[in-house]
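Please read the structure below before turning to the comments.
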Amino acid sequence: MNEHEQDRTTRPAVSPPRTAPEAPPAAGLRRELPAEVPASAPAPARENPPREPDRSGPTGRQRLLQGLWPPRLTRAQLIVALLLFGLGFGLAVQVASNSDSDSALRGARQEDLVRILDELDNRTERLEDEKQGLEKQRDELENSSDQAEEARRQTIEKERQLGVLAGTVAAQGPGITMTIEDTKGMVEADMLLDAVQELRAAGAEAIQVNGVRVVASTYLTDSGNGVAVDGNKITAPYRFKVIGKAQDLEPALNIPGGVVQTLEKEQATVTVERSTKIVVDALRAAERPDYARSSSR
């Protein structure tokens, strides 16, 4: 065996391949994949499923209604409920009535409010005078030595006063004279009636119109070209003779929207004069009532 053959026997026939050096992993890439997660096995079916809640019984709302109805009221509770209902109803009616009166006054005109205020002041003053007169009569009766004679005198004086109001007795005193000239014939009975009512509200104690005495039962109607007072026809000019406090009577006629302005809108001329002595001598026959009788014994 020569040298070349020995070399072939000692060397391997094929030299092993050389492996290339392992390249470093690229930036941003994971070095290895996550391990596979085995799929979870399905949960075994339960042999006994949960039961549904039993809804056959009453609910909470039904139990609440059963507790509230029918109501279980005692006698005392029923009486208290009725009293509260009556009190609430009374308060509601009172509030409603006050609201109606307030709304009526709130919608009134300024001249109407002035007239209402004047009427209230005059009425208050008349009531105060009447109160003082009654107190004076009482004191005179208590202090008089002959109470029977004093009572008789007061009775006669009261009869005269009632005669003036009834129109059976002539009267005189301070007051006013109102003359209405109606050349166009536009003045009607209702306008003269408003004048009478305004004078009465202002405290007139005796009124006479063109020779006809005006009393509580007086009525006025239209009659052709004039006006009838208690069936007695009168024509323009209409002359009112009024006894009372002139300081109250004249302003009552001249308030804004009052008698004078209303007549002047109908092209009538109104003149009001004050006087310290007005004579009302037209009389009315005393009428005996058919049914009314004195209740005094």
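For segment 124-173, the candidate set comprises residues that are small (Gly, Ala, Ser) and more than 30 Å from Phe240 (Cβ to Cβ); within that set, the residue that is modelled with the highest pLDDT is Ala151.
Going through (1) surrounded by fewer than 15 Cβ atoms within 10 Å (Cβ to Cβ); (2) touching a helix residue (DSSP H, G or I) at 6+ places or on another chain (Cβ under 8 Å) one by one, Thr262 falls short only on (1). Helices (runs of 4 or more DSSP H) fully within segment 135-254 that include at least 2 residues being open to solvent by 80 Å² or more (accessible area, probe 1.4 Å): 147-166, 189-201. Tell me, yes or no, whether segment 27-44 has at least one residue that is of a type in the set (Lys, Arg), at pLDDT 75 or above and either more than 24 Å from the chain's Cα centre (by Cα) or assigned to a helix (DSSP H, G or I) (or both). The answer is no, given that none of the residues of segment 27-44 is of a type in the set (Lys, Arg), at pLDDT 75 or above and either more than 24 Å from the chain's Cα centre (by Cα) or assigned to a helix (DSSP H, G or I) (or both).
The values are calculated or read from the model by the stated rules, or taken from the named source; none is laboratory data. The structure displayed is predicted, hence computed values, not measured ones. Methodologically, a virtual Cβ is constructed for each residue, glycine included, from the backbone with ideal geometry; neighbour enumeration extends over all protein chains shown. Keep in mind that these areas ignore ligands, DNA and RNA; they rest on the heavy atoms of the full protein, side chains included. Shrake-Rupley method; radii C 1.70, N 1.55, O 1.52, S 1.80 Å.
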